[in-house]
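Heads up: the structure comes next, in structure tokens.
The values are calculated or read from the model by the stated rules, or taken from the named source; none is laboratory data. Note that the coordinates shown come from a computational prediction; the quantities given were computed from them, not determined experimentally. Cβ sites come from the backbone with ideal geometry, for glycine too, and all protein chains shown count toward neighbours.
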Amino acid sequence: MNVHSQPSSAPSDTRSAILKAALGLFVERGFHGTTVPQIASRAGVAAGTMYRHFQSKEELVNVLYREAKGRFMQSFASDLSGADGLSAGASPRQQFRWFWFRVVDYARTHGDELAFLELHHHAAYLDQESLALEASSLEAFASFFEQPSIRKEMKPLPGKVLMVIVWGILAQLFKTYRLGHLPWSDALIAEAEAAAWDSVVAVPAS
């Protein structure tokens, strides 16, 4: 072995660099506006090197989508008796707040990934595995609103509808912030959470 030679990047490092570059470009330019040479250039690799890790741009975007979606869903993996300090007997209001701020925390730490998922979750180039993951995540979020402990205080709507209402508020708030039209302040987020709760909670009978 030539002791003066520099070790090449590990395959896992190269793969990570490609995924990171693709994430940034897909968020900035969209899938169709991004080329393989642009991804390779930003990742600091040759286009041929990229093809050794991903057979096509379509395969790359699907791998990126599944890995980002997996991390997003994993952020909800701990239950209400976990490290966030809520007890197993948390009230529906506490559980809703927990759900809301889980998404907010993810948006703060993985903003590009959340923006990417929002841009691409319905795209025609997603393969069956990615679409199945999207469907299962939708079911998981809907099931949160179908829990008996939460359901009893919600409007009489299907869990998927309740989820769409809440997620729509979160997604638009995040999008407006990313466009620079709103501050991402704790006070504003807390006020928006209260408004989102009011949008799905059942109105007590008079």
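Of the residues making up region 175-184, those that are touching a helix residue (DSSP H, G or I) at 6+ places or on another chain (Cβ under 6 Å) and without any contact (Cβ under 8 Å) to a residue 40 or more places away in the chain number 1.
For region 19-63: of the residues being of a type in the set (D, E, K, R) and free of Cβ contacts under 8 Å to residues at least 40 places away in the same chain, which is surrounded by the most Cβ atoms within 10 Å (Cβ to Cβ)? Steps first, please.
Within region 19-63, the subset of a type in the set (D, E, K, R) is 20, 28-29, 42, 52, 57-59.
This time we only want the ones that are free of Cβ contacts under 8 Å to residues at least 40 places away in the same chain, so: 20, 28-29, 42, 52, 57, 59.
Numbers: Lys20: 15, Glu28: 12, Arg29: 12, Arg42: 16, Arg52: 13, Lys57: 19, Glu59: 14.
Applying the filter and picking the extreme gives Lys57.
Report yes if some residue within region 65-85 is modelled with pLDDT of 95 or more, under 23 Å from the mean Cα position of the chain (by Cα), hydroxyl-bearing (Ser, Thr, Tyr) and assigned to a helix (DSSP H, G or I); otherwise report no. Scanning region 65-85 turns up at least one residue that is modelled with pLDDT of 95 or more, under 23 Å from the mean Cα position of the chain (by Cα), hydroxyl-bearing (Ser, Thr, Tyr) and assigned to a helix (DSSP H, G or I). Please verify whether region 86-102 includes one or more residues that are modelled with pLDDT of 95 or more and assigned to a loop (DSSP other than H, G, I, E, B). No, region 86-102 contains no residue that is modelled with pLDDT of 95 or more and assigned to a loop (DSSP other than H, G, I, E, B). Does region 16-26 include one or more residues that are at pLDDT 95 or above and over 24 Å from Arg178 (Cα atoms)? Yes, that holds for at least one residue.
Within region 141-159, restricting attention to residues that are charged (D, E, K, R) and farther than 15 Å from Phe99 by Cα, the residue that is surrounded by the fewest Cβ atoms within 10 Å (Cβ to Cβ) is Lys152. Screening Ala187 against (1) touching a Lys or Arg at 6+ places or on another chain (Cβ under 6 Å); (2) without any contact (Cβ under 8 Å) to a residue 24 or more places away in the chain; (3) small (Gly, Ala, Ser) leaves a single unmet condition, (1).
Is one or more of the residues making up region 168-189 in contact with a Ser or Thr (Cβ under 8 Å, 6 or more places away or on another chain), part of a helix (DSSP H, G or I) and among the hydrophobic types (A, V, I, L, M, F, W, C)? Don't jump to the end; show me each part of the working.
Residues of region 168-189 in contact with a Ser or Thr (Cβ under 8 Å, 6 or more places away or on another chain): 169, 182.
Now restrict to residues that are part of a helix (DSSP H, G or I): 169.
Of the ones still in play, those that are also among the hydrophobic types (A, V, I, L, M, F, W, C) are 169.
Yes: one or more hits.
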